[in-house]
Amino acid sequence: RGEALARYAYDKMGLRTFASLAPADGYGQLLTDAFTATIDKLGGTIIAQQWYYPGTEDFKRHFQTIRATALATAPPDTAVLNAFSRRKKEMAETGQRTLGSQDDEFEIPVRSIDGFFFPIYEEDIAIIAPQFALVNLQSTLLGGDYWYHPDILRSQRRYVNGVVFFSGYYVNETNMEYIDFRNRYRIITAQSPSALSVMGYDLGNQLDRIKKAGQLQDGRIADFMQNGTTFQGVAGTCRFSADVHVNRM
């Protein structure tokens, strides 16, 4: 998935320079490595990478380091610096807040990072998103699986508008097939279906198709599913392949 997002960002969105902030664990490491390796292969540039540990709430140091690296790589043009200098002078003359405050530190926008990859957990989005907005990094946000959380995205929409992220599944909740499945699931279980419920239902239906096709013998299930067979489920169209471990559709 990290590779797929990198290719989409580079090929489809035209982004060329990138930075990342990821949790320092297996999930963050694997996704970031796959993403950055693909960007390198495509000819893009990774300007900066930062890592954080569970429980971190203050990301100022992380973003300061990324800003400094980005500014060293591509300093702001003279017009921007002159405008900033004039603003500082005007503030000093009118007795406004002293220069060198946290707000002044991030006054100059950084535009040299096209895409910023955040393979972060859903509980970290509400902490990181406003801090990212504060530091004035003018980048397109790129996310991972845990960004597929509509309630969090709605609550943080002023900070994350335009984010592009991947997900292992997508459910159109207005689709009649999904509505029928959801209603039957609720009747049986007295609760709403989760993502795993939907994927389990789709997989069960696919195994039923394989059985009816006469392929349900030892060693034949994997062969049957890896030969490019496409099937339509509640979570969308899915196609397995022998060489890639993500949905090819």
statement: Of the residues in the range 9-25, those that are in a helix (DSSP H, G or I) and either over 14 Å from Lys41 (Cβ atoms) or in contact with a helix residue (DSSP H, G or I) (Cβ under 7 Å, 6 or more places away or on another chain) (or both) come to Tyr10, Lys12
- request: Can you tell me which residue among Val163, Val198 is farther than 15 Å from Leu21 by Cα, of a type in the set (A, V, I, L, M, F, W, C) and touching a Gly at 6+ places or on another chain (Cβ under 9 Å)?
  value: Val198
task: Please list, ordered by first then second residue, the pairs with beta carbon atoms under 9 Å, 6 or more apart or interchain, first in the range 44-63 and under 19 Å from Glu123 (Cα atoms) and modelled with pLDDT of 95 or more, second among the charged types (D, E, K, R) and surrounded by 17 or more Cβ atoms within 10 Å (Cβ to Cβ).
output: Tyr52/Asp124; Thr56/Asp124
- prompt: Do we have any residue at all in the range 131-138 that's open to solvent by 80 Å² or more (accessible area, probe 1.4 Å) and within 24 Å of Gly14 (Cβ to Cβ)?
  reply: yes
field: Of the criteria (1) over 30 Å from Gly26 (Cβ atoms); (2) modelled with pLDDT of 90 or more, which one Asp114 fails
entry: (1)
- prompt: Can you find a residue in the range 35-44 that is in contact with a Pro (Cβ under 9 Å, 6 or more places away or on another chain), of a type in the set (Phe, Trp, Tyr) and open to solvent by 60 Å² or more (accessible area, probe 1.4 Å)?
  reply: no
- request: Scan the range 11-31 and report the pairs whose first residue is of a type in the set (A, V, I, L, M) and whose second residue is loosely packed, with under 13 Cβ neighbours inside 10 Å, with Cβ atoms within less than 6 Å and a gap of 6+ or a chain change.
  value: Ala24/Tyr53
task: Check the range 180-188 and report whether any residue there is out of contact with any Lys or Arg (no Cβ under 9 Å at 6 or more places or on another chain), of a type outside the set (Asp, Glu) and within 25 Å of Tyr52 (Cβ to Cβ).
output: no
- line: Note on the range 45-78: residues among the hydroxyl-bearing types (Ser, Thr, Tyr) and either open to solvent by 40 Å² or more (accessible area, probe 1.4 Å) or touching a Lys or Arg at 6+ places or on another chain (Cβ under 8 Å) (or both) are Thr45, Tyr53, Thr65, Thr69, Thr73, Thr78
message: Show the residue pairs meeting these rules: Cβ distance below 6 Å; 6+ apart or different chains; first residue within the range 137-149 and charged (D, E, K, R); second residue surrounded by fewer than 18 Cβ atoms within 10 Å (Cβ to Cβ).
response: Asp145/Ser167
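The values are calculated or read from the model by the stated rules, or taken from the named source; none is laboratory data. What you see is a predicted model, and the numbers here were worked out from it, not measured in a lab. All Cβ positions, even for glycine, are placed from backbone atoms using ideal geometry, and neighbour counts span all protein chains on display. Side chains included, ligands, DNA and RNA excluded: accessible areas come from the protein's heavy atoms. Shrake-Rupley method; radii C 1.70, N 1.55, O 1.52, S 1.80 Å.
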